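A.B. asks: Have a look at this one before I ask anything.
The values are calculated or read from the model by the stated rules, or taken from the named source; none is laboratory data. The shown structure was predicted, so the numbers you read here are calculated from the model rather than taken from an experiment. Note that we place each Cβ from the backbone using ideal geometry, even for glycine, and neighbour counts take in every protein chain shown.
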Amino acid sequence: MAGVGTKKVFEDERVIVWHLDLQPGEQGVRHTHHLDYVVRVLSGSTLEVAGPDGEILDTVELESGGAVSFRIEGDYIVADRPGYPVVPATHSARNVGTATFREVLIEFKN
């Protein structure tokens with residue numbers, strides 16, 4: 001299974017930092033989140049989220065400059081923002097927008 005980002009850029013005893021880049025139309029790899037995390041959106045777009053079997057679950061708009069934190073609850077990810085979909089910890093995302101999507105994702109080790 002792939003990592004939660006395009007490239008791991010830092011890791012120490014407390015955190016793992018990833019960059020994630022998705023070009024318009026690009027499908028990210030299926031991956032599983034095991035740690036709570038926060039994302040900082042550098043370049044926003046619209047992402048289509050697919051479940052572990054490739055089924056389309058929801059579409060989310062992530063705006064440039066925004067930040068969202070997520071916690072793992074069993075086999076699901078729950079966002080700190082009301083209205084965000086609850087999605088399986090194992091999923092993938094496809095950029096269905098017209099702009100390149102870029103984020104920094106920080107996982108918090110327990």
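A.B. asks: Residues that are hydrophobic (A, V, I, L, M, F, W, C) and more than 12 Å from the chain's Cα centre (by Cα): list the strands (runs of 3 or more DSSP E) wholly contained in the stretch 53-110 that include at least 2 such residues. It would help to see each step written out before you state the result.
C.D. replies: Numbers: elements: 56-62, 67-73, 76-79, 90-95, 101-108.
Output list reads 56-62.
A.B. asks: Now for a separate question. Quick one: which residue in 29, 49, 4, 9 is among the β-branched types (Val, Ile, Thr), outside any strand (DSSP E or B) and either at pLDDT 95 or above or touching a Ser or Thr at 6+ places or on another chain (Cβ under 7 Å) (or both)?
C.D. replies: Values: 49 fails: outside any strand (DSSP E or B); 4 fails: either at pLDDT 95 or above or touching a Ser or Thr at 6+ places or on another chain (Cβ under 7 Å) (or both); 9 fails: outside any strand (DSSP E or B).
The match here is 29.
A.B. asks: Residues to consider are 56, 72; find the one that is surrounded by fewer than 12 Cβ atoms within 10 Å (Cβ to Cβ) and closer than 16 Å to residue 90 by Cα. Write out each step before concluding.
C.D. replies: Values: 72 fails: surrounded by fewer than 12 Cβ atoms within 10 Å (Cβ to Cβ).
Exactly one of 56, 72 is surrounded by fewer than 12 Cβ atoms within 10 Å (Cβ to Cβ) and closer than 16 Å to residue 90 by Cα, namely 56.
A.B. asks: Just the residues that are among the aliphatic types (A, V, I, L, M) and either more than 11 Å from the chain's Cα centre (by Cα) or modelled with pLDDT under 95 (or both), please, taken from the stretch 32-46.
C.D. replies: Taking the stretch 32-46 and keeping what is among the aliphatic types (A, V, I, L, M), we get 35, 38-39, 41-42.
Selection gives 35, 42.
A.B. asks: Suppose we filter 21, 36 for residues that are more than 14 Å from residue 109 (Cβ to Cβ) and either crowded, with 17+ Cβ neighbours inside 10 Å or of a type in the set (Asp, Glu) (or both); which single one remains?
C.D. replies: Sole residue among the options that is more than 14 Å from residue 109 (Cβ to Cβ) and either crowded, with 17+ Cβ neighbours inside 10 Å or of a type in the set (Asp, Glu) (or both): 21.
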